[in-house]
Amino acid sequence: MFSSTTLTGSKPEQYAQLLAQARALVHGESDRIANAANLSALVYHALPQLNWVGFYFFDGTELVVGPFQGLPACVRIPLHKGVCGAAASTRQTQRVDDVDAFPGHIACDSASRSELVVPLVHGGALVGVFDLDSPVTSRFDADDQAGLEAIAGVFVEALA
């Protein structure tokens, strides 16, 4: 049985603890839906000031919503639209301090003010993206990006 622990210490120390929890949560499980569901819940409940955490999976044409925590979301996102589309098409993490200033931002939840999206690539192929939204402008910094990229890496490693 898995149980999370309260995060303590500096932000990098907290992400190290969260990463250990993420590894324990997916240990021995390769199903992407199960792992995406559990990792979404883990991160959503562990980190403050988030209003959406989840996964979009690439179906060969566009991104399709997968497991998430938060309000209902956009179901399909073209690769040329929004922050998720930018992360998927460039295969680079997108950290956006103010979503209203991002050209082509898709407002699934009007409360979102900042966003961080990590592309998920396995064996050179795009799997999808790990998406986090916050109702706070400039919520995500370099420590958040590094920590969340590591958690996304745990998801990808579990696919093997």
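The values are calculated or read from the model by the stated rules, or taken from the named source; none is laboratory data. Keep in mind the model is a prediction, meaning the values are calculated, not measured. Note: ideal-geometry Cβ built from the backbone for every residue, glycine included; neighbour counts use all protein chains shown. To get the accessible areas, we keep the full protein, side chains included, count just its heavy atoms, and leave off ligands, DNA and RNA. Shrake-Rupley method; radii C 1.70, N 1.55, O 1.52, S 1.80 Å.
Going by the conditions given, is H105 of a type outside the set (D, E, K, R), surrounded by 15 or more Cβ atoms within 10 Å (Cβ to Cβ) and farther than 25 Å from Q14 by Cβ?
It is true that H105 is of a type outside the set (D, E, K, R), surrounded by 15 or more Cβ atoms within 10 Å (Cβ to Cβ) and farther than 25 Å from Q14 by Cβ.
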Within segment 65-118, which residues are in a loop (DSSP other than H, G, I, E, B), among the basic types (K, R) and touching a helix residue (DSSP H, G or I) at 6+ places or on another chain (Cβ under 7 Å)?
R113
Looking at this structure, is A158 surrounded by 15 or more Cβ atoms within 10 Å (Cβ to Cβ), within 21 Å of R23 (Cα to Cα) and over 14 Å from the mean Cα position of the chain (by Cα)?
yes
What number of residues within segment 130-160 are within 23 Å of I77 (Cα to Cα) and in a helix (DSSP H, G or I)?
8
By residue number, the members of segment 17-54 that are open to solvent by 60 Å² or more (accessible area, probe 1.4 Å), in contact with a helix residue (DSSP H, G or I) (Cβ under 8 Å, 6 or more places away or on another chain), over 20 Å from D133 (Cβ atoms) and not basic (K, R) are E29, S30
Among the candidates F68, F57, residue that is among the hydrophobic types (A, V, I, L, M, F, W, C) and open to solvent by 40 Å² or more (accessible area, probe 1.4 Å)
F68
Answer with yes or no whether V136 is under 21 Å from A36 (Cα atoms) and of a type in the set (A, V, I, L, M).
no
Please state which of the following conditions R76 fails to meet, knowing it meets all the rest: (1) within 13 Å of the chain's Cα centre (by Cα); (2) surrounded by fewer than 19 Cβ atoms within 10 Å (Cβ to Cβ); (3) not polar (S, T, N, Q).
(1)
Among the candidates R95, R139, R113, which residue alone is under 18 Å from Y44 (Cα atoms), open to solvent by 20 Å² or more (accessible area, probe 1.4 Å) and modelled with pLDDT under 95?
R113
Within segment 119-129, can you find the residues that are part of a strand (DSSP E or B) and without any contact (Cβ under 8 Å) to a residue 24 or more places away in the chain?
A125
In segment 1-29, what count of residues is obtained for those that are in a loop (DSSP other than H, G, I, E, B) and modelled with pLDDT of 95 or more?
3
Can you report the number of residues in segment 60-75 which are without any contact (Cβ under 8 Å) to a residue 40 or more places away in the chain and closer than 16 Å to H105 by Cβ?
2
